[in-house]
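Derivation of every value follows stated rules applied to the coordinates shown; laboratory data play no part. Being a predicted model, the structure only gives us computed values, none of them experimental. Here Cβ is always computed from backbone atoms with ideal geometry, including for glycine, and neighbour counts include all displayed protein chains.
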Amino acid sequence: MKLLKLSIVPAVLLFSVVMAGPASAHEATGLAVTQAACTNGQICINVEVTIPATGNETRQVKFELFGVKGQTVTDLNEGVIISLPASTGSEQDLHIKNKCFAAVTGTFDHFLIKYEGTVSGDLTLKDSEGHVIQPGDTVVDKITPCVTQTSPSPSPAQTSPSPSPSAATTTALAGTGGFDFRFPLIGLTVLLAGLALLLVSASRGRSTTK
């Protein structure tokens with residue numbers, strides 16, 4: 001009987017430690033992962049999560065990118081790591097923007113992102129509805145491929161047309177202040193031709209009188 005009484009105290013202490021373990025485990029809640037705008041052909045994500053006021057040390061969590069083509073899902077071995085700070089005495093709502101995976105060179109129908117767990121240490125991660133997110137769970141699906149946009153070269157139909165004669169005339173007039181010298185030149189040519197004819201006629205008249 002005495003031995004039974006002595007064993008009760010260690011048993012109670014052990015039970016207290018076991019029960020206190022889950023309460024002191026690291027936890028982050030309200031996880032939401034959404035696709036961000038593509039950056040230079042890279043798939044990017046935004047991450048929102050809440051850190052409790054007490055009980056947490058710093059943790060790093062990893063998300064992995066997978067390519068889907070038909071029924072085949074391929075691990076692209078491209079991950080991003082999100083750093084979660086320690087508790088500070090007040091609840092922290094984190095809004096982490098534009099964490100990008102490396103650009104993908106393969107061709108896929110679409111992509112998905114899975115939670116891969118912590119880099120080190122324990123962490124219970126929950127979504128906004130309180131569901132625990134396990135390593136390997138998909139957090140974003142149906143991500144469309146990102147394509148680097150390039151400026152297309154102009155087609156032959158888009159090339160600048162050669163200037164028309166009227167445009168060339170307009171350009172010439174603009175270079176002379178808007179005055180067209182062709183008409184005075186034509187008039188001067190006609191005048192010289194008339195004078196030449198007059199001189200020829202006068203010369204023939206004198207030769208006839210002699």
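Could you list log10 I(q)/I(0) for region 23-143 at q = 0.10, 0.15, 0.21 Å⁻¹, which the Debye formula gives when each Cα is one point scatterer? One equal scatterer on each Cα of region 23-143 leads to -0.31, -0.67, -1.17.
Sorted from longest to shortest, the spans of the Cα atoms of region 37-82 along the three principal axes equal 45, 24, 15 Å. On the basis of the beta-carbon distance and an R0 of 25 Å, N77 and D127 show a calculated FRET efficiency of 0.45.
Protection proxy ranking for 55-68, 97-110, using the average of other Cβ atoms within 10 Å per residue and placing the highest first: 55-68, 97-110. Hey, if you put +1 on the Cβ of every Lys and Arg and -1 on every Asp and Glu Cβ in region 23-143, which of C44, L125, V140 ends up farthest toward the positive end of that dipole? My answer, from the dipole projection, is C44.
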